[in-house]
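The values are calculated or read from the model by the stated rules, or taken from the named source; none is laboratory data. Just so we're clear, the structure is a prediction, and the values are computed from it rather than from any experiment. Cβ atoms come from the backbone with ideal geometry, glycine included; neighbour counts cover every protein chain shown.
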């Protein structure tokens, strides 16, 4: 799952037409809820950066999650946008956790070109009792699944990462290290901020992913596993000066910069990489949009047996609630009874 450059041997300007890639300052800022691809050619680095604002308020406010749960789901949303917006085909990118912690499931579902939906399942009593538990403690032990769905006629691709005391950011690093073998750095940040001149607060989240994609394959090699007896890991990517400089520059990101509305993503990219020349590409707008519909849910009910339909009836109707958008759909059981023989 690389970003922009599917073929590591091709240069960025071969993969993007001139009007798609521009230097900072050639156009206005994309603003909140846009995934912005970028390239730092001299350092062989490519990536994406995003700040989520109103979109996040809509998703989190709809469910009125406890703050610790909302923070975790906001991180999941950022990861889903950063990775899902890289897809070059019509499909979905799905991030899902299944764990034994107080927050036992997170789902963030990105549909191309820019639709996001998300929800969290949690034990309210355990979350309340956890107090100031860390995000890793709230997740507990389990797995993180990253799935690419190209449609019903194509095979799904799925990567699984163990969650055992790790954060989503750490798990994402592990995924790229184990599954993709591409040197990758990810930064995530979430905050609940007071609204200037208004009552209440709003959510903001930001994220940046950078990958090392040199033309020479020997520069891309990841560290070998330790040989035993304390032998150090060795790998070209770990010692490549360009990638080490990318890592060092990302290490200068200050707390709050990824979510500060006065520090637009393009400004942050310029601060980090202006000495090398950073290019940005056309931003992808992301919207809070669920894929559920009454017709789609009705189609699922059509596959139910008569017994299952009967068990679904309450107060004379069938009600189905979408966990993502909280929309409730109501059906007449008689619509599914005629001609049913199973």
Self-check item: Selection count, segment 62-82, where residues are free of Cβ contacts under 8 Å to residues at least 60 places away in the same chain and surrounded by fewer than 24 Cβ atoms within 10 Å (Cβ to Cβ)
Solution: 2
Quiz item: Among the residues of segment 45-52, is any within 14 Å of residue 119 (Cβ to Cβ), outside any helix (DSSP H, G or I) and touching a strand residue (DSSP E or B) at 6+ places or on another chain (Cβ under 7 Å)?
Solution: no
Exercise. For segment 101-123, state whether one or more residues are touching a helix residue (DSSP H, G or I) at 6+ places or on another chain (Cβ under 8 Å), in a helix (DSSP H, G or I) and closer than 19 Å to residue 59 by Cβ.
Key: no
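Residues checked against (1) modelled with pLDDT under 95; (2) under 20 Å from the mean Cα position of the chain (by Cα); (3) closer than 18 Å to residue 212 by Cβ:
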site: 246; (1), (2), (3): no, no, yes
site: 251; (1), (2), (3): no, no, yes
site: 258; (1), (2), (3): no, yes, no
site: 263; (1), (2), (3): yes, no, no
site: 271; (1), (2), (3): no, no, no
site: 277; (1), (2), (3): yes, no, yes
Quiz item: If we scan segment 131-141, do we find a residue that is without any contact (Cβ under 8 Å) to a residue 60 or more places away in the chain and in a helix (DSSP H, G or I)?
Solution: yes
Self-check item: Single residue of 39, 90 found to be more than 30 Å from residue 140 (Cα to Cα), assigned by TED's automatic domain parsing to the domain that holds residue 279 and at pLDDT 95 or above
Solution: 39
Quiz item: Which of the residues belonging to segment 159-216 are assigned to a helix (DSSP H, G or I), touching a helix residue (DSSP H, G or I) at 6+ places or on another chain (Cβ under 9 Å) and surrounded by fewer than 22 Cβ atoms within 10 Å (Cβ to Cβ)?
Solution: 169, 170
